[in-house]
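Please read the structure below before turning to the comments.
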Amino acid sequence: MYNFKINENFSVALTQLFDAFHKPELLSQWIAPASLHVVQVVCDFKEGGKYRIVMEDTSGNRYALAGEYTRIRRNDQLMFSWAWEETSAERVVTSVDIQFEQLADDTTDIILIHSGFANETIKEQHYSEWINCLQKLSKIRFD
């Protein structure tokens, strides 16, 4: 199995950054890579709770991502499964583990590990998409 690790620093308070990973109104601003945009976010934010995110491209094609929260430690760690809904019989489920660390009042570091990929190509694709999404996250406005 293949995995990757991203260490990223954000100029935002820890609680706000943690919220951006589960509150629909915040997730919808950054979780879609490239030119996709989010059209629906449904979250049952508790351990064992499910989430589903629907994205749309400029041609109207929709892509759905779904998973389950497996560990929630408020402002410290968030773990969840990750699977693209497909029509094929082989639905690949991977795992995301994000650790949060407050470095200062308005500076937070995350370590994101995404694991369980079947090959290098799919791993690299997801790595690039996460980088794109995290760049979007760094630009959202928290009220």
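Could you line up 123, 139, 50 from fewest to most neighbouring Cβ atoms inside 10 Å?
139, 50, 123
Which is the longest run of the chain containing none of the GluC sites (Glu not before Pro) found in DSSP loop states (not H, G, I, E, B) with at most 14 other C-beta atoms within 10 Å?
That gives 91-143 as the longest site-free run.
Using the Cα atoms as the points, what is the convex hull volume per residue of segment 2-137 in Å³?
On the way: hull volume 13.9 nm³, N = 136.
Dividing the Cα hull volume of segment 2-137 by its residues yields 102 Å³.
Separation between the residue 74 and residue 3 pseudo-spin-labels, each 7 Å from Cα along Cα→Cβ, expressed in nm?
2.7 nm
Using only Cα atoms, tell me the angle between helix 120-137 and the longest principal axis of the chain; keep it within 0 to 90° and round to the nearest 10.
40 degrees
How much length, in nm to one decimal, is gained on full extension between residue 37 and residue 92, taken as 0.36 nm per residue of separation minus their Cα-Cα distance?
Details: separation 55, 0.36 × 55 = 19.80 nm, distance 2.26 nm.
Answer, rounded to one decimal: 17.5 nm.
Throughout, read-outs are computed from the coordinates displayed, never taken from laboratory work. Here the structure is a predicted model, which means the values were calculated and not measured. When we count neighbours, we look across all protein chains shown, and the Cβ atoms used for this are built from the backbone with ideal geometry, even at glycine.
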